[in-house]
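Here is the structure we will look at.
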Amino acid sequence: MPNRVYRSAAQMAARQRNISVSEFFSKNRHLLGFDSPYKAVLTSVKEAVDNALDACEEAGILPEVSVEISKVRDDVYCVSVEDNGPGIAEEQVGRIFGKLLYGSKFHKLSQSRGQQGMGIAAAGMYGQLTTGKPMRIRTRTGRRQPAWEMLVSIDTAKNRPEVRKKRKVDWKKAHGTRVEITMEGQHRSGAHSVERYLRLTAVANPHVSLRYVAPDGSVHDFARSSPDVPEAPTEIKPHPHGVELGRLIHLLKHTEHKHLGSFLREEFSRVGSVTAKQIIARVDGLSARSYPKRVAKKQAAALHRAITRTKISAPTTDCVVPIGQAQIIAGLERELAADLYLATSRPPAVYRGNPFVVEVGVAYGRPGDAQLELDADGRIQKRPAPELDAEELIAAPGDPVALMRFANRVPLMFQQSACIMTKAVIDTNWKAYGVSQAKGALPIAPMALFIHVASVWVPFTSESKEAVAAYDEIHKELLLALRECGRGLKRHISKHKRLQQEHERRTHITTFLPHIAHALGEMLELESVRQERLIDSLDQALLRRRRKR
Amino acid sequence: MASKKKTPKKSRPRSRAATATPVRVLENAARSVLDTVERGELPVMEFPSRSLSNVRYSPQVGFFQLGPRTKRRALRANSAKTFAQTLRLMALSKEMAATGDFATKREAYYVSKNWGECRFTEQTESDAVMDDVEALVSRDGVFREQLGFVPEEHGGSVVGNLVVREQDPETGRTLSVDCGALGSGAYTVPRNVEALTLESNADFVLAIETGGMFQRLHSHRFWRKHRCILVELAGVPSRATRRFVRRLSEDLDLPVFCFVDCDPYGIANIYRTLKVGSGSSAHVNRFFAVPKASYLGVTPQDIIDFELADATHPLQAVDIKRAEDALKNDPFFRAHPRWRVAIEQMLSMGVRAEQQALAKWGLNFVIDEYLPRKLAARDTFLP
C-alpha cells in the first residue's frame, strides 16, 4: 500500500471558504440555461425580454421591444434588447445587472415573468466569462431625465457589480432600457430559435409589439394585435398552506412582529384573528402572545403541523391575471393560419397555497390542406390554399400536434416531455373528440395547442424554467381545460367530416347528370343545347334540395 | 280421328300489331322524366317492386303476379348511378326496338362498357336493371323481347299439327314451316316468338319434359294419330318455350297437357313454372304463364294404377325438402287441394318415378297404353 497523506481538521479548515454565487454559476451554468452556445443566446434574449415586458406592464406602458442579434466574429454574437419601459434609476443599474439574485421579484408573491432575479445578471456574467466583455446598459427614466449609458461587469468572487464609463448620452427615447451583451454563442433557426421564441411571445402577448433583427440583417416585425395592457397582477402574502417548515422558521426569525398572533395575521393571507387562534390552540405551550423568534427555535415544527391541520379559506385569486379567451384567440390568429380557433380560460385554482390559472387554446386545420366550405349559394367549394409562412406552427397532417407551452406568458422552449402540460395533453382522450392518438402519445392532428399556466409562483422543475412540475391540482385543471376545447374541436371536426361526405356525395351524383341528359337526348331526340340545359336544371334542382335541408 | 275435317285456327304475329308500342312506352317514361326536370324538379322513377314478398297468386288470375308495392329510384347518392344506368339501358332498348335489332343480356352488359363511369361492373347489375325496366314496361303490356333484349337460351323443339309462318328478314318473303313435315327432326322455337304466325288444327298440346320421350312420340307419329302438337320442354322451360306454348294456348285456344317426371322437380319446378310462372319473374308472368295448362302425368296415383312401384327410386333429401317447401310456401300448391293430396301421397310413398319408368311394360307402352288411357280420362289431370 502506498503511503497516504491524511489531513487534519485544521488543514481542512484552511481549504474551506465561501463559495461565491458567481463561482457557483460558472460551474453550474446549465442549471440556468446556459449549457450550450446557441441556448445561451436564446436564454439571454429570453431573460432580457421577460424583464422588459414585466417592467412595461408594471408601469402600465404598452410594450415595444426590439431584439437584435449581430455576429461579432465566429461563435461570438452581440445580443441587444431595447424596450420602451419605465427605465431604471441610474444608481440601481449596477446592482440589477451586475449582481446575481438581486431584484424585486423573489421576495414577493406576484404573477410576473421573472421570478428569481437571476436571469439577466446571469446572462451578463455568461458574456463576461466567455468573451471578457462587460454589459453595455443604456437607460432613461423620463423625458426630463438624462439618458445614461454605462458598462457593467460582475466581480465574480464577491458577487458585486462594477460600473465603468458611466456617461450621459443623447437618446431619442423618452424612457426605456437597452441591454447589450457580447457572448460566445451560436445562432440557429427552427424550433428552439430566437425567432420562434419571439413569435410564441407574440402569440401569448397580443398587446406587445416586437421587432427582431436577425444576424443576417433580416427584420421580423410582430405587430401588436390588442391595444390593452394586461391588468397588473396584485401582490399577495403567502398562504399558510403553501409555506414549508424552513420558510416558516425563516419568517418567524425575521419578523418585526412581537406576538405570534399578529405574526400569523400580518405575514400570511387569509388568516384573521379567529383562524390565528385556532392554529395557536393546536400547539401546546404557545399563545397569541408568544414571541415569534423563540417559537422558531422550539416549536416551529408543531406550529407548522397545526397550520396544515387547520382549515383555512383558499387564497384570493384576483392576484392571477389570465390572458383571457379573446386575447388568446387574437394571439393565435395573429401568428397561425388555421380553420378553427378555440380558447378556454379556467377559473383560478390553488396548489400548495398558490393560486393559479390554466388556459388552453387550439388552432386546428391548416387552410392549405384541401379544405371545403359552403358558399352563399349552398355549393361546396374547395378553399384556395393561402400562402403559408415558411415557419409553420401548426403540425403537418400525420404529425403529432404542435405544443406551445407558456408560464406567466413566457414561452417554454425546452424539456417538453418533462412538463405537466405535455403529460396532460397525453392523458386527454383525444379519440373522443375525433382526433387520432396512440396510447401514451400526443394526438395526431393538424393542430397547435396553446397551453398557459399563470401563477404567483409557477413551480418549475429547475432554475432554467423550462418545464412545469407535476402538481395534481394543475394536472386536473389542465385536463378540464383541454376537454372543454376538445368538445369544441369535436363539433368542428364532425361538421367538417359531414361536409366532406356531403361533397363526395354531391360529386358522385353530379357525375351521372350528363348520362341522364344523354340518355333522355337519345330517347327523345333532343338537341345538344337542350341536353346541356337539362344538366343545368338537374344541378339547380339538386342545389335547391340541399338548401331546403 | 286424323281424318276428321277441321278448320285450322290461325294466330297473327303479335309484334306487328304492337310495333309502335314498346317504343312509345319507353318514350313516355323518358318524357315524364324530362318534363319533371324541365319543370325544375328532381326526377323520380317508380318501378314495381320485384321482391318475393310482393308476389301474389290467385287461382282466378291463374299465374303469379306482382302486388301493388313499388320502389322509387331518385337522384340520391346511393341510387344516382342506377338511375342513370336505367335511363341509358332504356335508350339502348329504344334504339333496338326502333331498328329491330336485339341484344342478349350479356351483350347489353358489354354495351354499357362504353358508358364511362356509368358502366356496369357485373352482369348481375345490368340484369337487375333490365328486370326493373321490364317490370316498368310490363304495366303497358310490353315485355323484354319486344324491347330487343333476347334470352341466351333458345326454345325447345316442336312437332305436330302446326304451321309456323314468318317473314324472311332479308327478302321479306313469307316462309312457312309445317311442323308435321319435318321427318325425324323438329322445329326449334326461336328466341322471339312474337313475329310468328301460328296455324293449327290440333286438338291439344302435349308438353314433354325430356328429349328422349319427345323423340319416341315423334318417331311413332303420336301427334298424327292423336292430332296434337308436341313441345319439348327440356327441363324448366325457357322464356321462348313458355311464350310459344302460351300463344298456342291462348291464341289458338288449345288445351295444354303436361307430361313430366313424377318427382318434386317435375311438379314444383317444371310444371309450376310453365303454368303460373316463377316468383322471380312475376312481373312478366302475364305474358309467359300458361294458366290453362293441366298436369297429365306421371302422377303419384299412376305409380299405383300402372304398377310402377318396382320401377321407382326413393326420394332424395333434396326431393323431400322441395316437396315440403311446395306444400308449405308455394301459393300455387296451397291454392289447390288436389295438388296437396298428390304431393302428400308421393311423400308417403317415398318414391319418384320417371317418364321412362313406363318402359318397364315395354318401350312403346307409353304410346299404346299409358297416354291413350290418360287422354281418355282428362278429369284425372291435376290442375
remark   = Magnitude of the Cβ-charge dipole (Lys and Arg +1, Asp and Glu -1) of segment A:270-330 about the Cα centre, nearest 20 debye, reported as 520
query = Relative to the longest principal Cα axis of chain A, at what angle does helix A:325-335 sit, 0 to 90 degrees, rounded to 10?
reply = 70
note = Phi-derived 3J(HN,Hα) across segment B:254-271 with the Karplus relation (6.51, -1.76, 1.60, θ = phi - 60°), rounded Hz, x for Gly and Pro, is 9, x, 10, 10, 10, 10, 9, 4, 8, 8, x, 5, x, 7, 7, 9, 5, 5
remark   = Tilt, helix A:37-58 to longest principal axis of chain A (alpha-carbon atoms), in degrees rounded to tens, equals 90
remark   = Listed by chain and number, the residues whose amide H is under 5 Å from that of residue B:204, excluding neighbours fewer than 5 places away on the same chain and using placed H, are B:229
key: Karplus-derived 3J(HN,Hα), 6.51/-1.76/1.60, for each residue of segment A:524-539, Hz, glycine and proline x   = 10, 6, 8, 6, 5, 4, 5, 4, 4, 4, 4, 4, 5, 5, 4, 4
query = Once you list every other residue whose beta carbon is under 11 Å from the beta carbon of residue A:229, what net charge do they have if Lys and Arg are +1 and Asp and Glu are -1?
reply = -3
query = Could you give the dipole magnitude of the protein assembly as shown about its Cα centre, charging the beta-carbon of Lys and Arg +1 and that of Asp and Glu -1, in debye to the nearest 20?
reply = 3680
note = Per the charge dipole of segment A:181-284 (beta-carbon charges, Lys/Arg positive, Asp/Glu negative, Cα centre), the residue among A:201, A:215, A:272 reaching farthest to the positive end is A:272
message = Classify the protein assembly as shown from the C-alpha gyration tensor, please: rounded if a/c falls under 1.5, else prolate or oblate depending on whether a/b exceeds b/c.
response = prolate
task = Among B:45, B:157, A:154, flag the residue with its Cα farthest along the positive direction of the charge dipole of the protein assembly as shown, charges on Cβ as +1 for Lys/Arg and -1 for Asp/Glu.
result = A:154
key: Kyte-Doolittle mean at least -0.5 and Cα axial length at least 15 Å: DSSP H helices in chain B   = B:20-38, B:80-99, B:123-138, B:337-349
inquiry  = Nothing charged except the Cβ atoms of Lys and Arg (+1) and of Asp and Glu (-1): what's the magnitude of the dipole of chain A about its Cα centre? Round to the nearest 20 debye.
reply    = 2800
Spin-label model distance (nm) - residue A:491 vs residue A:188, 7 Å beyond Cα toward Cβ = 4.1
inquiry  = Quick check on chain A: helices-only [θ] at 222 nm, where DSSP H runs of length 4 and up contribute -39,500 (n - 2.57) each and the sum goes over total residues. Nearest 500, please.
reply    = -11500 deg cm²/dmol
message = On a full-extension model of 0.36 nm per residue, what is the gain between residue B:12 and residue B:201, subtracting their alpha-carbon distance, rounded to one decimal in nm?
response = 66.5 nm
message = For chain A, take the longest principal axis of its alpha carbons; what is the angle in degrees between that and the long axis of helix A:245-254, to the nearest 10 within 0 to 90?
response = 50
task = Pop out the ³J(HN,Hα) list for segment A:275-282 in order, Karplus 6.51 cos²θ - 1.76 cosθ + 1.60 with θ = phi - 60°, rounded to Hz; leave Gly and Pro as x.
result = 4, 4, 5, 4, 5, 5, 4, 7
remark   = Simple spin-label estimate for residue A:461/residue A:274, 7 Å along Cα→Cβ, in nm, reads 4.3
message = Give me the inter-chain shielding for A:504-517: mean count of other chain Cβ atoms within 10 Å, whole number please.
response = 6
request  = Once you have a ≥ b ≥ c as the square roots of the Cα gyration tensor eigenvalues for segment A:132-188, tell me rounded if a/c is under 1.5, and otherwise prolate or oblate according to whether a/b is larger than b/c.
outcome  = oblate
Amide H contacts of residue B:67 (H built 1.01 Å from N, under 5 Å, at least 5 apart or other chain) = B:55, B:56
ask   = To the nearest 10 square angstrom, how much accessible area does residue A:457 have with a 1.4 angstrom probe?
value = 80
Helical contribution to [θ] at 222 nm, DSSP H n ≥ 4, -39,500 (n - 2.57), averaged over chain B, rounded to 500 = -11000 deg cm²/dmol
ask   = If amide H atoms are built 1.01 Å from N in the plane of the peptide, which residues on other chains or at least 5 residues away come under 5 Å of the amide H of residue A:414?
value = none
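Return the average number of partner chain Cβ atoms within 10 angstrom of each residue Cβ along peptide B:74-80.
Mean shielding by partner chains, rounded to a whole number: 5.
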ask   = Of B:277, A:281, B:135, whose Cα points farthest to the positive end of the dipole of the protein assembly as shown (charges on the beta-carbon: +1 Lys, Arg; -1 Asp, Glu; origin at the Cα centre)?
value = A:281
query = Shielding of B:40-47 by partners, i.e. mean partner chain Cβ atoms within 10 Å per residue?
reply = 3
inquiry  = Quick check: the distance between the Cα centres of segment A:53-92 and segment B:65-124, to the nearest angstrom?
reply    = 78
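The values are calculated or read from the model by the stated rules, or taken from the named source; none is laboratory data. Computed from a predicted structure; not experimentally measured. Note that each Cβ is placed from the backbone with ideal geometry, even for glycine, and that neighbours are counted across all protein chains shown. We work out accessible area using only protein heavy atoms, side chains counted, and drop any ligands, DNA or RNA first. Shrake-Rupley method; radii C 1.70, N 1.55, O 1.52, S 1.80 Å.
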